[in-house]
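The values are calculated or read from the model by the stated rules, or taken from the named source; none is laboratory data. Given the structure is predicted, the values throughout are model-derived calculations rather than measurements. For neighbour counting, all protein chains shown are included, and Cβ atoms are generated from backbone atoms with ideal geometry for every residue, glycine included. Surface accessibility is based on the protein's heavy atoms, side chains included, excluding ligands, DNA and RNA. Shrake-Rupley method; radii C 1.70, N 1.55, O 1.52, S 1.80 Å.
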Amino acid sequence: NAGVTQTPKFRVLKTGQSMTLLCAQDMNHEYMYWYRQDPGMGLRLIHYSVGEGTTAKGEVPDGYNVSRLKKQNFLLGLESAAPSQTSVYFCASTDRYYSGNTIYFGEGSWLTVV
Amino acid sequence: KQEVTQIPAALSVPEGENLVLNCSFTDSAIYNLQWFRQDPGKGLTSLLLIQSSQREQTSGRLNASLDKSSGRSTLYIAASQPGDSATYLCAVRPANAGNMLTFGGGTRLMVKP
């Protein structure tokens with residue numbers, strides 16, 4: 001009963017390096033989201049996807065790219081990491097007919113850019 | 001643009017106390033409002049969902065109310081326990097934003113034995 005799984009859980013990057021965060025869900029959900037959480041600011045939406053092969057920008061998309069090649073996976077990429085991208089990243093998924101109680105979050109990925 | 005604010009940012013209470021967490025939002029055009037719990041190092045777990053047409057929802061010792069016209073919601077926790085220590089976040093689903101949520105900054109609660 002995995003739900004939403006994020007990898008890696010922790011990562012330290014040097015400024016300018018690139019990396020990819022992987023989110024996998026096993027619930028056959030249509031919608032997937034990437035959020036970042038900074039102290040005192042709640043969660044802010046980076047990008048989201050409403051289905052395989054589709055992506056869209058959220059509130060804070062700059063510096064990130066995403067891909068949804070398979071329905072169960074949603075990848076978040078940082079092409080050239082910056083210290084401002086130090087944050088905790090959360091992936092979430094919902095079904096097409098999101099009733100509110102069926103949003104599932106991963107346990108987070110802690111990223112530090114030095 | 002919808003903005004969600006939670007006050008206080010942190011709260012420390014003795015065990016057994018009843019407490020209220022506050023959430024306010026700037027745009028009353030919402031589909032629903034949801035309260036989440038977040039334990040340290042973990043993701044978010046949904047606690048209560050209130051549809052825009054509802055006034056309150058209850059689950060065990062938790063009661064959430066919604067006053068959409070004034071842009072406010074409260075989460076009432078009765079007889080608090082040390083196990084309630086966590087960060088509580090509220091989030092609104094704007095009426096015309098698909099399945100996206102706008103989150104508040106959270107209230108970090110500590111219940112002391």
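What is the Å³ per residue value for the convex hull set by the Cα atoms of the protein assembly as shown? Mind showing how you got there, number by number?
Numbers: hull volume 27.4 nm³, N = 227.
For the protein assembly as shown, the hull spanned by Cα atoms encloses 121 Å³ per residue.
Paramagnetic label reach from residue B:27 (point 7 Å along Cα→Cβ; backbone nitrogen cut-off under 15 Å): within region B:65-80, residues B:71. Straight-distance candidates among the aspartates and glutamates for linking to residue A:71, with alpha-carbon spacing under 18 Å and chain neighbours fewer than 8 residues away dropped: A:26, A:30, A:52, A:95.
Leaving out ligands and nucleic acids, note down the accessible area per residue over region B:26-96 with a 1.4 angstrom probe, in whole Å². Working shown, then result.
Details: 3150 Å² over 71 residues.
So region B:26-96 comes to 44 Å² accessible per residue, rounded to a whole number.
Across chain A, the relative contact order, built from alpha-carbon pairs under 8 Å that are at least six residues apart, equals 35 percent.
What does the net charge come to around residue B:102 if you take all other residues with beta carbon closer than 13 Å to its beta carbon, with K and R at +1 and D and E at -1? Provide the component values of the computation, followed by the final result.
Details: positive: A:44, B:1, B:93; negative: A:59, B:3, B:27.
So the environment of residue B:102 carries a net charge of 0.
Please report the carbon-and-sulfur percent of the accessible area for the protein assembly as shown; probe 1.4 Å, protein heavy atoms only, DNA, RNA and ligands left out. Carbon and sulfur together cover 50 percent of it. Straight-line cross-link partners of residue B:42 among the aspartates and glutamates, defined as a Cα under 12 Å from its Cα and at least 8 positions apart when in the same chain: A:107. Here each label is just a point 7 Å from Cα along the line to Cβ, and for residue B:9 and residue B:112 those points are 2.1 nm apart. For residue A:70, neighbours were defined as the other residues whose beta-carbon sits under 15 Å from its Cβ, and their charges (Lys and Arg +1, Asp and Glu -1) total -1.
A simple spin-label model places pseudo-atoms 7 Å from Cα toward Cβ; at residue B:19 and residue A:62 they are separated by 3.7 nm. For chain B, excluding the exposed loop sites themselves (trypsin sites (Lys or Arg not before Pro), DSSP loop, at most 12 other Cβ atoms within 10 Å), the longest remaining stretch covers B:56-113. Where the alpha-carbon atoms of region B:1-105 are placed on the principal axes, they occupy 40, 29, 21 Å, in descending order.
Scan region A:1-80 for GluC sites (Glu not before Pro) in coil per DSSP, keeping those whose Cβ has at most 12 other Cβ atoms within 10 Å, and list them by number.
On the way: sites: A:30, A:52, A:59, A:79; in loops: A:30, A:52, A:59, A:79.
Sites meeting the loop and neighbour criteria: A:79.
So what's the gap between the Cα centers of region A:1-39 and region A:43-111, to the nearest angstrom? Centre-to-centre (Cα) distance: 7 Å.
Filter the trypsin sites (Lys or Arg not before Pro) in region A:27-114 to those in DSSP coil with at most 14 other Cβ atoms within 10 Å of their Cβ, and list the result. Mind showing how you got there, number by number?
On the way: sites: A:36, A:44, A:57, A:68, A:70, A:71, A:96; in loops: A:68, A:70, A:71, A:96.
Those satisfying the criteria are A:70, A:96.
Pairing chains A and B buries close to 1700 square angstrom of accessible surface in total, based on protein heavy atoms and a 1.4 angstrom probe. Here the calculated FRET efficiency for residue B:61 and residue A:80, from their Cβ-Cβ distance with R0 = 45 Å, stands at 0.40, rounded to the nearest 0.05.
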